[in-house]
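Data block below; observations after.
The values are calculated or read from the model by the stated rules, or taken from the named source; none is laboratory data. The structure presented is a predicted model; accordingly, all values stated were derived computationally and were not measured. FYI the Cβ positions are ideal-geometry reconstructions off the backbone, even for glycines, and counts take in every protein chain you see. Side chains are part of the model used for accessible areas, which takes the heavy atoms of the whole protein and leaves out ligands, DNA and RNA. Shrake-Rupley method; radii C 1.70, N 1.55, O 1.52, S 1.80 Å.
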Amino acid sequence: VVLILLALSAGAIAQTQDQAIEKALLPAPRQLKADATVIKWKSDFTYDTLKKGTNRLVCYERPVQPGQQPFSVECTSIANLERVSQSLKMETVQDPKQRQAGFEAAEKAGAWTKPEFGSVFYNLNGPDQAQARMHVTVSVPGATTQTLGLPENATKGGAWIMNAGTSAAHIMTPGQ
């Protein structure tokens, strides 16, 4: 009986981990999904590896912060994990003005690790999985209109640079 219970509980743990991996991989591009790494963030913003991949894509469920969507999964370059960890820590600040001030202070001090230039963030966010929407951005730290030729706002209706000139600069893609 004990052996059967142990076998059943091991199967339940494996199934839970498989489900966590499957969920984290939802925003991954089809051609990168099978070889992606999957991690699980811990409360101290370090992580455990659930699935070791062979390409540079890493996927994870984002810890839900106040005011954010309850369903949130993301994939990006494995080179961006330090920055993501720093950002997740700063996002725990409850007051929006204090949180923004924290991001600005880290940026000004050069303490916010730059993302890998040209790396993509694939986000799938929403109230639940069925209503989640995909959002894709491309990291271009330091980029401006002068360096990339893209506008720094959305008024032209196409791709544009958000947070131009900072380590957080990224190309916004219109649509969902």
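General observations
- Summed over the stretch 146-159, the residues that are out of contact with any Phe, Trp or Tyr (no Cβ under 9 Å at 6 or more places or on another chain) and open to solvent by less than 50 Å² (accessible area, probe 1.4 Å) give a count of 2.
- Which listed residue is touching a residue at least 40 places away in the same chain (Cβ under 8 Å), within 24 Å of Lys40 (Cα to Cα), open to solvent by less than 40 Å² (accessible area, probe 1.4 Å) and of a type in the set (Ser, Thr, Tyr), from Ser72, Ser87: Ser72
- Matching residues in the stretch 16-72 - criterion: being of a type in the set (Val, Ile, Thr), under 28 Å from Val93 (Cα atoms) and at pLDDT below 95: Val64
- Looking across the stretch 94-114, the residues that are hydrophobic (A, V, I, L, M, F, W, C) and either modelled with pLDDT under 90 or in a helix (DSSP H, G or I) (or both) come down to Ala101, Phe103, Ala105, Ala106, Ala109.
- Residue within the stretch 30-42 that is open to solvent by 20 Å² or more (accessible area, probe 1.4 Å), within 22 Å of Val138 (Cα to Cα) and in a loop (DSSP other than H, G, I, E, B) present: yes
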